[in-house]
Amino acid sequence: MKSSAQVVVIGGGVVGASVLYHLTELGWTDVVLVERKELTAGSTWHAAGGMHTLNGDPNVAKLQQYTVGLYREIEQRSGQNCGIHMNGGLTLAGDRERMDWLRMAQARGRYLGMDMEIISPAEAKAMFPLLEEQYFIGALFDAAEGHVDPTGVTRAYAGCARQAGAEIYQHTWVSDLRQRPDGTWDVITDAGEIHAEHIVNAGGLWAREVGRMIGLELPVLAMEHMYLITEDMAEVAEYNAATGHELPMGMDFDGELYIRQEGGGMLLGTYEQACVPWSPRETPWTFDQQLLAPDLDRIAPSLEIAFKHYPALASAGIKNVINGPFTFAPDGNPLVGPVPGVRNCWAACAVMAGLSQGGGVGLTLARWMVDGDPGEDIWAMDVARFGSWANLAYTNAKVRENYSRRFRITFPNEELPAGRPLHTTPVYDRLTAHNAVWGASFGLEHPLWFQRPGAEPREDVTFRRSNAFPVVAEECTMVRERVGLTECSNFAKYRVTGAGSAEWLQRLFTNRLPRVGRINLTAALDPDGHIVGEFSVARVGTDDFFLFGSQIAEAHHSRWFGGHLADGVRFDVLGLSLVGLSLAGPGARDVLQSVTDASLATEHYPFMTFRRIDVGMIPAYVGRMTYTGDLGYEIWVAPEYQRALFDLLWRAGQPSGIGLFGFRALMSLRMEKMFGTWAREYRPIYTPVQARMNRSLKLDHDFIGRAAVEAELARGPARTLGYFDITPDPAEPADVVGDEPIWHDGAVVGWVTSGAYAHYSRRSLAFGYVPSELAVPGAMFEVEIIGQRRPARLLPEPVLDPAGQRMRA
Ligand SMILES: Cc1cc2nc3c(=O)[nH]c(=O)nc-3n(C[C@H](O)[C@H](O)[C@H](O)COP(=O)(O)OP(=O)(O)OC[C@H]3O[C@@H](n4cnc5c(N)ncnc54)[C@H](O)[C@@H]3O)c2cc1C
């Protein structure tokens, strides 16, 4: 065994093997993989081997597409048979909502070049004669689906990696991990120690235990999962003889099951409602290529549906029942990337669909390690999307919810209940008393909208407009015509202090820093000029700043700032030690002025001022800006003051007709002001030039990524963020939710990033990226919304107050 290596990958399942392979592909060959038993000994060996490209998140779908496309190559190069069966797959819809979901998935796949076809039940029956047509209203056919041999795939990755110089040590258990002061690692195994620059946690079923070796509690939990294999069936043999090929795969949402041919019989797996976590606290190290006791009663409801939908199964004998554990993160997506706060430690775990996703996970992690950038948009998989609040109990609640909803639709306006409420601010009860409908993000409850008094605070889930629509319209009108109050604690808040802070931030930010007492907007870039973050920067002293950013990116951004920290600079995550309320609308100044001695007149407190003032008896930092684009203030206080602040503003606002508004109204208001948002318009795959962040980009100072920005400005961006006015279907209006394809001249040329109905302006609006040569004001496009291509006109400026007079008034 080597005593030192550049990388030690811990775990020889399909994911660890893929990471090892991809590292060697990118030229890192001093890499080793350590496996406690044999390759695949965790969850990989008993996987059903199914692979799909279809995924609700197009970026994840892209990585699945990459994975599925990789198998022939590694099979050929390694000489290891991967058992590839590209039979195609049918996703079957039993109701209108599911059909809508399929249409949206098909549309999202278009700009990834995924060629999927919507077919009728009769066509589905012709492809898969075992099904009973009457239970379905349509299906999506994807030719790029099939199944592989999980062991063959793992060995093929390993074989290719070995050819390139990687070494694999089986029957070697990593029992401890110790970091040296220089950030390198001593990997302690039962066969000796390896000194490594980097470690990768690909521990699969034991990823949590490997994390605990360095004091981490990774949000990952294993669930039991069952599939059964039937005896050979005459119907299958007939089909194979008649067509010369195997049956396609089937995904049946009503039965919460998947089905495919296995040998001469069928394999049927279920995601049962009565799901059971496995080893919820600690995974035993003694577990080795074992299975769990089957429990057919638990999956009986799915089997009943299966026997109705595929009657031939009812009379087929069961040859084998497999019950095995595999892992999930709270949202079902993998945990990939640099572990926040731990140098040279990488995660590649919680991969619940290793045969669909393993290749993409390996590729992006290897790029991240070698190039410093994953090279793809893997926001949905970033290990930093959870904070420390995602502990064992939270993970348990969320993973069980996620497992039982594996085949359920999560609507764009749906808020899932498990693990909530967790973080609440002091005004939570006040807002609940005002009939708030709550959502949660990054563990924190935030008000979405306020139901009318007496009505149930509940939103109907839908792809179209919900019962919130008319109420949110009233909230928008209130803000634009009177004054609205909302909570704005759901920002990430950071404080940067210490000698050299200004110099440090200036080097990170594309905008020049504001003067003391002012606030401005800025972006942070990577060296290639991609957007790493988007922040409001408030300066309260020469070397004293507050930064406000996207809350969901709090851990992600903290990791980035932490990785760039300069000596003498202190970077603090404020979390809920600073909470906020926001007043917006033409009456906002009168309301706030009535409770403070500080003059709020524009000549004393102009737009983009940020100062420490007293509001009543409450010490506050008050920024004159809001995301509504109206006259407004964000008022930041310590949590112990927030209730008093709420009561004070609420009372003071009564003469002005103050009311509450929530996040849905905010999203509507920001759309009509053409304000982009993090994770949608601004993501690490876009640049500030493409995103038209002109106001935040000043080339009068040096900053990370500046050379790339200048080069892009010189040659012109290949794509540009457009702002579209859409004409919805008058019969059944629906607005964009994000990721819809944008058509031009009969071809898909771009995609929507986000949008909303702008109630006050009465327009359905969207943002989306299109080729720059097409981004001409007035140009006509079409946006595909739930299977319909709706006209979309590219607008040159915000539909409301393009000169920005309201916020400066
Ligand atoms: C019944 C069932 C059916 C499934 N069907 C499918 C399917 O059809 N399609 C699909 O894509 N996925 C399927 N899966 C999921 C799939 O099995 C997983 O996504 C995949 O196996 C995850 O691989 P991994 O490498 O992350 O983890 P694992 O396979 O668990 O590998 C982790 C490895 O790390 C090793 N290890 C851990 N700690 C240490 C240590 N300290 N020292 C040394 N070695 C260590 C373990 O021994 C193990 O071999 C199924 C799972 C089950 C249970």
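Among the conditions (1) within 12 Å of the ligand (Cβ to nearest atom); (2) within 25 Å of Thr172 (Cβ to Cβ), the only one that Gly89 does not satisfy is (2).
In region 92-108, is there at least one residue being over 25 Å from Ser18 (Cα atoms), open to solvent by less than 20 Å² (accessible area, probe 1.4 Å) and among the polar types (S, T, N, Q)? Looking through region 92-108, none of the residues is over 25 Å from Ser18 (Cα atoms), open to solvent by less than 20 Å² (accessible area, probe 1.4 Å) and among the polar types (S, T, N, Q). Being assigned to a loop (DSSP other than H, G, I, E, B) and either buried (at least 21 other Cβ atoms within 10 Å of the Cβ) or on the phi > 0 side of the Ramachandran plot (or both) holds for only one residue in Gly568, Gly580, and it is Gly568. For first residues located in region 33-55 and within 25 Å of Gln6 (Cβ to Cβ) and open to solvent by less than 10 Å² (accessible area, probe 1.4 Å), partners that are within 6 Å of the ligand (Cβ to nearest atom) and part of a loop (DSSP other than H, G, I, E, B) and lie 6+ apart or on another chain with Cβ distances below 6 Å form the pairs Leu33/Gly12.
The sole residue among Tyr769, Tyr757, Tyr723 that is within 28 Å of the chain's Cα centre (by Cα) and more than 30 Å from Thr477 (Cβ to Cβ) is Tyr769. Check region 597-607 and report whether any residue there is over 28 Å from Ala803 (Cβ atoms) and either out of contact with any His (no Cβ under 9 Å at 6 or more places or on another chain) or among the hydrophobic types (A, V, I, L, M, F, W, C) (or both). Yes, the conditions are met somewhere in region 597-607. Evaluate region 344-359: report whether one residue or more is farther than 19 Å from Val399 by Cα and more than 15 Å from the ligand (Cβ to nearest atom). Taking every residue of region 344-359 in turn, at least one turns out to be farther than 19 Å from Val399 by Cα and more than 15 Å from the ligand (Cβ to nearest atom).
Does region 760-775 include one or more residues that are assigned to a strand (DSSP E or B), touching a residue at least 12 places away in the same chain (Cβ under 8 Å) and in contact with a His (Cβ under 9 Å, 6 or more places away or on another chain)? Yes, because at least one residue in region 760-775 is assigned to a strand (DSSP E or B), touching a residue at least 12 places away in the same chain (Cβ under 8 Å) and in contact with a His (Cβ under 9 Å, 6 or more places away or on another chain).
Here Gly616 qualifies as touching a residue at least 12 places away in the same chain (Cβ under 8 Å) and over 15 Å from Glu487 (Cβ atoms).
Restricting attention to region 409-417, does a residue exist that is among the β-branched types (Val, Ile, Thr) and within 15 Å of the ligand (Cβ to nearest atom)? No, every residue in region 409-417 fails to be among the β-branched types (Val, Ile, Thr) and within 15 Å of the ligand (Cβ to nearest atom). Taking region 451-493 as the range and being under 20 Å from His423 (Cβ atoms) and open to solvent by less than 30 Å² (accessible area, probe 1.4 Å) as the test, the residues that pass are Thr486, Glu487, Cys488, Ser489, Ala492, Lys493.
Of the residues in region 112-126, how many are surrounded by fewer than 20 Cβ atoms within 10 Å (Cβ to Cβ) and within 21 Å of Val68 (Cβ to Cβ)?
Counting residues in region 112-126 that are surrounded by fewer than 20 Cβ atoms within 10 Å (Cβ to Cβ) and within 21 Å of Val68 (Cβ to Cβ) gives 6.
Anything in region 36-55 that is more than 6 Å from the ligand (Cβ to nearest atom), within 14 Å of Ser356 (Cα to Cα) and not aliphatic (A, V, I, L, M)? List them, or say none. Passing the criteria: His52, Thr53, Asn55. Would you confirm, using the coordinates I've provided, whether Ala598 is open to solvent by 20 Å² or more (accessible area, probe 1.4 Å) and touching a strand residue (DSSP E or B) at 6+ places or on another chain (Cβ under 8 Å)? Considered against the rule, which asks whether it is open to solvent by 20 Å² or more (accessible area, probe 1.4 Å) and touching a strand residue (DSSP E or B) at 6+ places or on another chain (Cβ under 8 Å), Ala598 comes out as yes. Inside region 1-32, can you point out the residues that are outside any loop (DSSP other than H, G, I, E, B), buried (at least 17 other Cβ atoms within 10 Å of the Cβ) and more than 13 Å from the ligand (Cβ to nearest atom)? Hits for region 1-32 are Ala5, Val7, His22, Leu23, Thr24, Glu25, Val31. Counting only residues that are more than 13 Å from the ligand (Cβ to nearest atom), in contact (Cβ under 8 Å) with a residue 60 or more places away in the chain and more than 24 Å from Val351 (Cα to Cα), region 299-331 holds 10 of them.
Scanning region 157-177 for residues that are open to solvent by 60 Å² or more (accessible area, probe 1.4 Å) and part of a loop (DSSP other than H, G, I, E, B) gives Gln170, His171, Trp173.
Going by what's in this entry, would Gly69 be described as open to solvent by 20 Å² or more (accessible area, probe 1.4 Å), of a type in the set (Gly, Ala, Ser) and either farther than 22 Å from Met127 by Cα or away from the ligand (no atom under 16 Å from the Cβ) (or both)?
yes
Any residue that is in a loop (DSSP other than H, G, I, E, B), under 33 Å from the mean Cα position of the chain (by Cα) and closer than 30 Å to Ala207 by Cα - is there at least one of those in region 254-267? Looking for residues that are in a loop (DSSP other than H, G, I, E, B), under 33 Å from the mean Cα position of the chain (by Cα) and closer than 30 Å to Ala207 by Cα, one finds at least one in region 254-267, hence yes.
Here Leu291 does not fit the description of being open to solvent by less than 30 Å² (accessible area, probe 1.4 Å) and either more than 27 Å from the chain's Cα centre (by Cα) or not polar (S, T, N, Q) (or both).
Among the residues here, Thr154 qualifies as in contact with a Ser or Thr (Cβ under 8 Å, 6 or more places away or on another chain), in a helix (DSSP H, G or I) and within 11 Å of the ligand (Cβ to nearest atom).
Within region 182-231, being outside any strand (DSSP E or B), farther than 30 Å from Ser302 by Cα and open to solvent by 30 Å² or more (accessible area, probe 1.4 Å) holds for Asp182, Asp190, Ala191, Arg212, Met213, Ile214, Gly215, Leu216, Glu217.
The values are calculated or read from the model by the stated rules, or taken from the named source; none is laboratory data. Keep in mind the model is a prediction, meaning the values are calculated, not measured. Backbone-built Cβ (ideal geometry, glycine too); neighbour counts: all protein chains shown. Only protein heavy atoms, including side chains, enter the accessible area calculation; ligands, DNA and RNA are left aside. Shrake-Rupley method; radii C 1.70, N 1.55, O 1.52, S 1.80 Å.
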